[in-house]
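J.: Just dropping this structure here.
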Amino acid sequence: MSRMRIQAIEIPDADVFKILLDNFPDMIHSIDDNGDIVYTNRRAETLLGYTREELLSMNIKQVYAEEVQEALARGFSDLKEKGDKMVESLLKAKDGTKIPVEIRSFSIYDDEGRFIRTFSILRDMRKIKDLQASLVHAGRLAAIGELASGVAHDINNPLTVILLSNEMLLNELKRTNITPSDSFQKLETMAKDIQKASRSIQKLADHLRNFSRGMAEKQELIDLYNSISDALFITKNKTMSAGVEIINNIKKGTHFVTGCSNHIEQVFVNLIGNACDAMIERQNRQLTLSIEPAKFDNVDCWKCNIMDTGTGIPKEIIDEIFQSFFTTKPKGKGTGLGLSISRGIVRDHKGDIIVSSKHGEGTTFSVLLPVVVV
Ligand SMILES: Nc1ncnc2c1ncn2[C@@H]1O[C@H](COP(=O)(O)OP(=O)(O)OP(=O)(O)O)[C@@H](O)[C@H]1O
Ligand SMILES: [Mg+2]
């Protein structure tokens, strides 16, 4: 912004008000009895895209969206009568952009009580509306977590009955068929299939329950291989439906850290989920997982790399991706909380998440966590 210069030490009141109004962060306009605009400040120009001269030759109807015209006419006569008003409405900028605004208006009258003009202060509500929508979405996700843990709990009892009955069925089959026949084998295969399917439901229910548990978890020794495998299990549906090829170079029993395994798992679930989203429209969809030693703050760490062949992240936004509620996904698809929560978790574990990305080629997120020697 260019520096403002004034000639005299004493600033006349009129100039003070002009300076204030022109630097006011909200749009201000004043309209006469016919609805013609007779004053606007600089913010009105940047918000609506018209020059001040253009605005001063327009009627107020021209800067509001079609769908609010009726309410505008009603509101204007109400305002003239009552003297002040606060409403929400929708502006229409020169390029057609619709801007939700909160408006505080008041009228001024002459000595005989005749209406002269209205003054209105209009606040751009786009950011606040987006934030509200994200909070609602985040709240809904939290509620789904609760529901999932409840469902997982309720699944367990009937599942235990199925598994036990199936066990008894298998034993009974073995007992009654001393010389296995074709039909015995068919029955045994079916019973074993039921057992396998039930165990995988049980595992899924366990995951759901653990995953949606609260904070303040106990510290434990974590094999990063297990965290990654569990995260891949949870995201199996997503990676499979996106047609992602997974190359997992991580070995079991080799890379240990300490902390809360559910939370670390949640970090990998978020990163794998993001990678899938970034690859969904790409031809080559590969997710490569690897671990290497590294130093972070002079401490020996495991650097766990999640590398995708997705869209990559444009330079202009890469510094913003860890901010809460920053998302490039359509409404209802992303809350913009995944990375900020994940980084918070990893930092609580005395590590960090770093990112390197080439727009158009892919992205690698690296989770750094202090090494534990076992
Ligand atoms: N692997 C990736 N490749 C490309 N862009 C990514 C990747 N991971 C994250 N991003 C970018 O960072 C943004 C923020 O990610 P973050 O996980 O915090 O939120 P989100 O995925 O949009 O929503 P959610 O809260 O559902 O996770 C994404 O919207 C996307 O633009
Ligand atoms: Mg995400």
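J.: Using the beta-carbon distance between VAL136 and ILE354 and R0 = 30 Å, what value does 1/(1 + (r/R0)^6) give for FRET efficiency, to the nearest 0.05?
T.: Efficiency, rounded to the nearest 0.05: 0.45.
J.: Can I ask one more? Of LYS238/LYS350; LYS61/LYS129; LYS94/LYS315; LYS236/LYS333; LYS203/LYS238, which pairs sit farther than 21 Å apart, going by alpha carbon to alpha carbon?
T.: LYS238/LYS350; LYS61/LYS129; LYS94/LYS315
J.: Same structure, new question: Apply the Karplus parameterisation 6.51 cos²θ - 1.76 cosθ + 1.60, with θ equal to phi minus 60°, to every residue of the stretch 141-158 and state each ³J(HN,Hα) to the nearest whole Hz, in sequence, with x for glycine and proline.
T.: 5, 4, 5, 5, x, 4, 4, 4, 5, x, 4, 4, 5, 5, 5, 4, 5, x
J.: Given the stretch 216-374, what whole percent of its Cα pairs are spread farther than 22 Å?
T.: Tail of P(r) above 22 Å: 38 percent of Cα pairs.
J.: Then there's this: If the label point is 7 Å along Cα→Cβ of LEU147, which residues in the stretch 311-337 have backbone nitrogen under 16 Å from it?
T.: Zone members listed by number: 332-333.
J.: Based on Cα positions only, what radius of gyration and what Dmax would you give for the stretch 161-308, in angstroms?
T.: 20.6, 68
J.: Which log10 I(q)/I(0) values does the stretch 274-360 give at q = 0.10, 0.12 Å⁻¹ under the Debye formula, counting every alpha carbon as one identical point scatterer?
T.: Cα-only, vacuum Debye calculation for the stretch 274-360: -0.29, -0.42.
J.: For LYS251 and MET190, FRET efficiency with R0 = 35 Å and r from the beta-carbon atoms, rounded to 0.05?
T.: 0.45
J.: I would also like to ask the following. Quick check: convex hull of the Cα atoms in the chain, volume per residue, rounded to a whole Å³?
T.: Measuring per residue, one finds 262 Å³ for the Cα hull of the chain.
J.: Counting just the Cα atoms, what span does the stretch 49-201 cover along each of its three principal axes? Round to the nearest Å and put the largest first.
T.: 110, 31, 23
J.: Also: Scan around LEU337 for amide H atoms under 5 Å from its own, H built in the peptide plane at 1.01 Å from N, and keep only partners 5 or more places away or cross-chain.
T.: Close amide H contacts, sequence-distant or interchain: PHE325.
J.: Same structure, new question: How big is the stretch 44-136 in terms of Cα radius of gyration and Dmax, in angstroms?
T.: Spelled out, the Cα radius of gyration and Dmax of the stretch 44-136 are 14.6, 50 Å.
J.: Sequence neighbours fewer than 8 away in the same chain don't count; with that in mind, list the aspartates and glutamates whose C-alpha is under 16 Å from LYS192.
T.: Cross-link targets: GLU167, GLU172, ASP182.
J.: Using the Kirkwood radius over C-alpha pairs as Rh, can you work out the diffusion coefficient of the stretch 127-213 via Stokes-Einstein at 4 °C, viscosity 1.567 mPa s, in µm² per second?
T.: 82
J.: What do you get when you divide the Cα radius of gyration of the stretch 249-312 by 2.2 N^0.38 Å, with N the number of residues?
T.: Normalised by 2.2 N^0.38 Å, the Cα Rg of the stretch 249-312 equals 1.27.
Read-outs: derived from the displayed coordinates by stated rules, not from any lab. No experiment lies behind these values; they were computed from the predicted model shown. FYI the Cβ positions are ideal-geometry reconstructions off the backbone, even for glycines, and counts take in every protein chain you see.
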